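Please read the structure below before turning to the comments.
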Amino acid sequence: MSQGNRAPFVVAHRGASAALPEHTLAAYELALEEGADGVECDVRLTRDGHLVCVHDRTVDRTSSGTGLVSEMTLEELRALDFGGDGEPVPVLTLSELIELVLDWRSRPTKLFIETKHPVRYGGLVENKLLAELQRFGIATPASADHSRAVVMSFAALAVWRIRRAAPLLPTVLLGESSRYLGGGAATTVGATAVGPSVKTLRDHPDLVDKAAAAGRATYCWTVDDPADVALCSDLGVNWIATNHPGRTKAMLSS
C-alpha cells in the first residue's frame, strides 16, 4: 500500500457518494471517471450467502425497504430500490463491483473492502470474501504494493483471519483508539496499515509517523473538508477516503 513521495491517494468512500446514492454502480462509475485511485465498499452477507455492498445492518436508510440484510435473500434485496430517485437501482453485489474495477482499463484501481462486525455470520464473512477474491484471481498478489484488493475492519479478529489465510493481502485495522493506532492490536494481528478517522488524526497527528516507523501505511476516513485534505497531505497520509473523489483529486493536484 505504499505510495512513495507523492500526494495521498484518493479512495472514493462508497463511490462518489456525495453526488450519487452510496454503494450503487453509478456512484462507483462516477468515482472512476473522476480519477479515484481506489474505491471503498462495505460488505455484508445475505441469508443465502451472497456478499452485498451495504453499510448498515438494515436496508432502511438506503433502500425502499426495511429489514436486516442478514435475514434477506439476494433475490429479496434485488426487489428493493437502492437509488431513491428515477429508475429503480438494485443492490450491488461485491462480484459486480469487482468486475467493474478490474474492467476499468484506464488505470489500475484498488478496491478497499470493509467487512462489518459484529455480524450474524461471524468469520464466514471473511471466508466468503477470500473465496470471491480467489475467484477473480486477486487473493494472492505478488506483493502488497501490487494488490488490487485491500481488506479492512474495525474488528482485530477479522483482520487476523485475513492475515492468516492470505498473508500477502494488505489489510487495514480501522479504529478510533490510539492504542490500536500506536501499535498494540495492529502489531498483534499483523495489519499492514492503520485506519484512523480524520477526527482522530486531528487529535493525534503523530499517528502517521508512528505508523510509518512501524512499517505501516495510514488510511484516513472520511476526509471531505479542504482543511482536512491539506492536513492529510501535510502529514504524509498514504490513502484518504472521501465522498468527493473528483474534488479531492483536484485539490491535491493544485
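A short reminder: the numbers here are calculations on the coordinates, not readings from a lab. What you are looking at is a predicted structure, and each value in this text was computed from that prediction instead of being measured. With ideal geometry, Cβ positions are generated from the backbone for all residues, glycine too; neighbour counts draw on all protein chains shown.
A compact table of results
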quantity: Per-region count, segment 214-247, residues more than 24 Å from ALA191 (Cβ to Cβ) and part of a loop (DSSP other than H, G, I, E, B); calculated: 4
quantity: Residue that is surrounded by the fewest Cβ atoms within 10 Å (Cβ to Cβ) [pool: residues in segment 216-228 that are more than 20 Å from SER153 (Cβ to Cβ) and without any contact (Cβ under 8 Å) to a residue 60 or more places away in the chain]; calculated: ALA227
quantity: Tally of residues being of a type outside the set (Ser, Thr, Tyr) and more than 15 Å from the chain's Cα centre (by Cα) across segment 113-124; calculated: 6
quantity: Count of residues meeting criterion [surrounded by fewer than 20 Cβ atoms within 10 Å (Cβ to Cβ) and in contact with a strand residue (DSSP E or B) (Cβ under 6 Å, 6 or more places away or on another chain)] in segment 123-147; calculated: 2
quantity: Scope segment 108-160; condition in contact with a Gly (Cβ under 8 Å, 6 or more places away or on another chain), not in a helix (DSSP H, G or I) and not aromatic (Phe, Trp, Tyr); matching residues; calculated: THR109, LYS110, LEU111, VAL150, MET152
quantity: Qualifying residue in segment 190-197 (condition: more than 18 Å from GLY38 (Cβ to Cβ) and surrounded by fewer than 19 Cβ atoms within 10 Å (Cβ to Cβ)); calculated: yes
quantity: ALA211 being within 23 Å of ALA144 (Cβ to Cβ), touching a residue at least 24 places away in the same chain (Cβ under 8 Å) and either part of a strand (DSSP E or B) or in contact with a Phe, Trp or Tyr (Cβ under 9 Å, 6 or more places away or on another chain) (or both); calculated: no
quantity: Residues located in segment 51-67, provided they are part of a loop (DSSP other than H, G, I, E, B) and either among the polar types (S, T, N, Q) or surrounded by 20 or more Cβ atoms within 10 Å (Cβ to Cβ) (or both); calculated: VAL54, VAL59, THR62, SER63, SER64, THR66
quantity: Sole residue being among the acidic types (Asp, Glu) and crowded, with 20+ Cβ neighbours inside 10 Å, chosen from GLU29, GLU33, GLU22; calculated: GLU22
quantity: LEU80 being in a loop (DSSP other than H, G, I, E, B), touching a helix residue (DSSP H, G or I) at 6+ places or on another chain (Cβ under 9 Å) and among the hydrophobic types (A, V, I, L, M, F, W, C); calculated: no
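Let's see how each residue does on (1) of a type outside the set (Asp, Glu); (2) at positive phi:
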| site | (1), (2) |
| --- | --- |
| ALA193 | yes, no |
| LYS199 | yes, no |
| LEU207 | yes, no |
| ALA213 | yes, no |
| ASP225 | no, no |
| GLY236 | yes, yes |
